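I have placed the structure first, in the form of structure tokens, so that the comments after it can refer back to it.
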Amino acid sequence: MQKMLAIDPEKCTGCRLCEITCSIHNEKTCTPERSRIRVTKWENEGIYIPMVCQQCDVPICETVCPMHAVKRDTETQALVIDNELCVGCRLCVQFCPFGSIGVDDRTKKVIKCNLCNGEPVCVKFCEPAALQYVDANTLNTRKRRAAAEKFSDILKKTLARF
């Protein structure tokens, strides 16, 4: 069963604890700029959206890497960077459609979410539960149910007018 990080921007408060815990777990330092997850904010709208690698089924980052440094972990299905092979060309950074691959300014190495070996630390510390690590099929079922509820509410409001 393939699992994935599910993001609910409506629950995100913009606390950025996910960035802090990620940097501590992966870099052993509290430096959110070195995190593999980034919270993007639209201040005027009051919206915060955690952005992280989507672990694509057909990963462009893997396709464009001339050194074959991007590989899928067979256990977690996460796309990981082999720093021994990576030459820092940053093609993966340029081609990622989600902007989820970064470069560590200190080490100059490419960094991206590796799902913390199947136990994403960001999820454990996300108090409002804006981040969840779920089975991909479960997520699809949740989204379908939520869409059906919204449609039902709209239909009820429309019918109430008549």
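Miscellaneous remarks
- Per-region count, region 36-55, residues of a type in the set (Lys, Arg) and within 30 Å of ASP73 (Cα to Cα): 2
- Test: GLU33 is farther than 24 Å from GLY118 by Cβ and modelled with pLDDT under 95: yes
- Annotation note: of ILE49, ILE60, the sole residue that is within 17 Å of the chain's Cα centre (by Cα), closer than 22 Å to ILE24 by Cα and among the β-branched types (Val, Ile, Thr) is ILE49.
- Applying a threshold of 6 Å to beta carbon distances and a minimum spacing of six or more residues, or different chains, the list of pairs starting in region 86-106 at a residue that is of a type in the set (A, V, I, L, M, F, W, C) and ending at one that is assigned to a loop (DSSP other than H, G, I, E, B) reads CYS86/ALA69; VAL87/MET67; CYS92/CYS65; CYS92/ILE101; VAL93/ILE101; PHE98/GLN54; ILE101/LYS112.
- Qualifying residues in region 32-50 (those that are in a loop (DSSP other than H, G, I, E, B) and either on the phi > 0 side of the Ramachandran plot or in contact (Cβ under 8 Å) with a residue 40 or more places away in the chain (or both)) - the one surrounded by the fewest Cβ atoms within 10 Å (Cβ to Cβ): GLY46
- Counted residues, region 19-30 - those being out of contact with any Phe, Trp or Tyr (no Cβ under 7 Å at 6 or more places or on another chain) and either in contact (Cβ under 8 Å) with a residue 24 or more places away in the chain or outside any loop (DSSP other than H, G, I, E, B) (or both): 8
- Candidates in region 51-69 are the residues that are touching a Leu at 6+ places or on another chain (Cβ under 7 Å) and closer than 27 Å to ARG16 by Cα; of these, the one that is surrounded by the fewest Cβ atoms within 10 Å (Cβ to Cβ) is PRO59.
The values are calculated or read from the model by the stated rules, or taken from the named source; none is laboratory data. Note that the coordinates shown come from a computational prediction; the quantities given were computed from them, not determined experimentally. So basically every Cβ, Gly included, is an ideal-geometry build from the backbone, and we count neighbours across all protein chains shown.
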